[in-house]
Amino acid sequence: MSFARKEYEFLSEIGLSSRNLGCYVDGTWKANGPVVTSLNPANNQVVTDSFTFYAAVLSCYESQMRPFEAPWNAIAEVVEGSVEDYEEGMRACSEAAKIWMQANLPIALHLILQVPAPKRGEIVRQIGDALRTKLQQLGRLVSLEMGKILPEGIGEVQEIIDMCDFCVGLSRQLNGSVIPSERPNHAMLEMWNPLGIVGVITAFNFPCAVLGWNACIALVCGNCVVWKGAPTTPLISIAMTRLVAGVLEKNNLPPAIFTSFCGGADIGQAIAKDTRISLVSFTGSSKVGLMLQQTVNQRFGKCLLELSGNNAIIIMDDADIQLAVHSVLFAAVGTAGQRCTTCRRLLLHESIYQRVLDQLLDVYKQVKIGNPLEKGNLLGPLHTSESRKSFERGIEIIKSQACSGGKILIGGSVIESEGNFVQPTIVEISPNADVVKEELFAPVLYVMKFQTLQEAIEINNSVPQGLSSSIFTRKPEIIFKWIGPLGSDCGIVNVNIPTNGAEIGGAFGGEKATGGGREAGSDSWKQYMRRSTCTINYGNELPLAQGINFG
């Protein structure tokens, strides 16, 4: 079936149609679950295939409505997976894992294909090249289905390409240590081996980049990957899987090395409970992450959690104000406030408070809101209509906390339209207000005063979450206190840049209710492998450690 709207026809270039099967199981696309509709959050209208399209046109003429006024703005339909589909996929994945992790693939009688870690790196390099050929189409799909502006959509796909490049080098650097032994004629060393299968559950706000953080590393480490994308971004999940599957097929590799499912909570729960999955990487809310962690811990599995953030930017009295204001704008408004690293709290030194606030209000008034695919727009819609309702509930809570400040300086309303658009909002409020402690996933910025650096650090650290933070200052003594043991308690501690927009070379993650996980760069790869300490006796005697004499 063809797409109902001409502007969706580019999706056929990345393997999508108006109706799609949502599970990639042992090299076959299939699905036996419910049918869901992928919506464009800029208009929320529901019509999908050509048959429905023409029926809508006929209905329009019968009702004397012009056809182009009809609601045929849904993107496509996806058949989700069932628990039976999941089990079939996991059986195949388990068999593939036995081969992939050994670095020796039997492809015919007496014929072995060698796939050590650097060869696995070559496969990931080819995945990166495949993404490069479809960068514009995939970026446009991210913008269309998720709602972030086009430059951010393209940037998200580029982030996976960067991860592929990083992991090509990493595949030659999965190094263990050689450790001096206290015993004569003994050697000690570390061996890093694959876990087997890594489960990846991603969220709507970065529907493919977070897969890249996890899958690229997991694959070069010798693991198979089972991916459950966000239920509201199934087309991105399918398009990404098609590209990865194409690379595996071209190299005559078992297709079940990469298995993916579009589905709901039942698939996520199956992943959490599945003893065949050694590590579950989960991105989402702290509430759901805690429940998943408890389930995985009950079977003594491992979790990698990337959960809620409640990030602060501190602007000191010596800061470059123009630099700080532009940074806050991107940090608070980018992705419509739907990044886990979005700046939600702005702490201003009392001596520059009004000056910074006035400049910030000026730039907020200039933010262009609209279709995320149109050039020049900085703020697209929230992802779902439920997100818009959550924004409205949050604003009502803010207004109810007038005793703690709770004064809306700009914004604070939804924008009447078919889409999920809301106004970027700045709220003057006390750092002690209850609402400030919670993450409102929308472009709402809380602004507050402080007098001393110590007070600012205490406010930064006062929330349950601990993902990202930043300070604007030119003083070395402030910078080094901020990044030191008595400074920010977050996993990301920046200076003179926004809280968001992290590079892939560093480990990404946070502390406290953010979950403690680390993904992407640095030594995050160690979470995707198991470490064995090996002691080898190459002599003829049996000296014991600690000088023990046992008969």
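Restricting attention to the stretch 190-217 and to residues that are outside any loop (DSSP other than H, G, I, E, B) and of a type in the set (Phe, Trp, Tyr), the residue that is farthest from residue 278 (Cα to Cα) turns out to be 213.
Before we move on, is residue 322 open to solvent by 20 Å² or more (accessible area, probe 1.4 Å), over 17 Å from residue 509 (Cα atoms) and not charged (D, E, K, R)? So residue 322 fits the description; yes.
Per the conditions (1) in contact (Cβ under 8 Å) with a residue 12 or more places away in the chain; (2) exposed (fewer than 11 other Cβ atoms within 10 Å of the Cβ); (3) farther than 30 Å from residue 182 by Cα, the sole criterion not satisfied by residue 485 is (1). Looking at 339, 344, can you tell me which residue is outside any loop (DSSP other than H, G, I, E, B) and farther than 19 Å from residue 473 by Cα? Only one candidate qualifies: 344. List every residue pair whose Cβ atoms lie under 6 Å apart, where the two residues are 6 or more positions apart in sequence or sit on different chains, the first residue falls within the stretch 378-405 and is among the charged types (D, E, K, R), and the second residue, located anywhere, is open to solvent by less than 10 Å² (accessible area, probe 1.4 Å). As it stands, the answer is 388/382; 388/420, since those pairs meet every condition given. For the stretch 161-189, the set of residues classified as free of Cβ contacts under 8 Å to residues at least 60 places away in the same chain, open to solvent by less than 50 Å² (accessible area, probe 1.4 Å) and part of a helix (DSSP H, G or I) consists of 161, 164, 167, 168, 169, listed by residue number.
Per the listing 301, 284, 264, the residue uniquely open to solvent by 10 Å² or more (accessible area, probe 1.4 Å), within 18 Å of the chain's Cα centre (by Cα) and over 30 Å from residue 470 (Cα atoms) is 264. Checking each residue in the stretch 507-533 for being under 16 Å from residue 174 (Cα atoms), out of contact with any helix residue (DSSP H, G or I) (no Cβ under 6 Å at 6 or more places or on another chain) and part of a strand (DSSP E or B) picks out 529, 530, 531, 532, 533.
Scanning the stretch 488-506 for residues that are over 22 Å from residue 174 (Cβ atoms) and either in a strand (DSSP E or B) or without any contact (Cβ under 8 Å) to a residue 40 or more places away in the chain (or both) yields a count of 7. Residue 392 is checked against (1) surrounded by fewer than 20 Cβ atoms within 10 Å (Cβ to Cβ); (2) within 14 Å of residue 334 (Cα to Cα); (3) of a type outside the set (Lys, Arg) and fails just one. What number does that condition carry? If we test residue 392 against (1) surrounded by fewer than 20 Cβ atoms within 10 Å (Cβ to Cβ); (2) within 14 Å of residue 334 (Cα to Cα); (3) of a type outside the set (Lys, Arg), just (2) comes out false. A search for C-beta distances below 8 Å between a residue of the stretch 539-551 that is open to solvent by less than 100 Å² (accessible area, probe 1.4 Å) and any residue that is among the aromatic types (Phe, Trp, Tyr) and part of a loop (DSSP other than H, G, I, E, B), counting only pairs 6+ apart in sequence or on different chains, returns 544/550. Selection of first residues in the stretch 306-318 that are surrounded by fewer than 24 Cβ atoms within 10 Å (Cβ to Cβ) and of second residues that are charged (D, E, K, R) and not in a loop (DSSP other than H, G, I, E, B), restricted to Cβ pairs under 9 Å at least 6 apart or on distinct chains, gives an empty result. Being more than 26 Å from the chain's Cα centre (by Cα), more than 28 Å from residue 42 (Cβ to Cβ) and open to solvent by less than 40 Å² (accessible area, probe 1.4 Å) is not true of residue 361.
The values are calculated or read from the model by the stated rules, or taken from the named source; none is laboratory data. Worth saying up front: this structure is predicted, and the values here are computed from it rather than measured. In this analysis, Cβ positions are derived from the backbone assuming ideal geometry, glycine residues included, and neighbour counts consider all displayed protein chains. Ligands, DNA and RNA are excluded from the accessible area calculation, which covers all protein heavy atoms including side chains. Shrake-Rupley method; radii C 1.70, N 1.55, O 1.52, S 1.80 Å.
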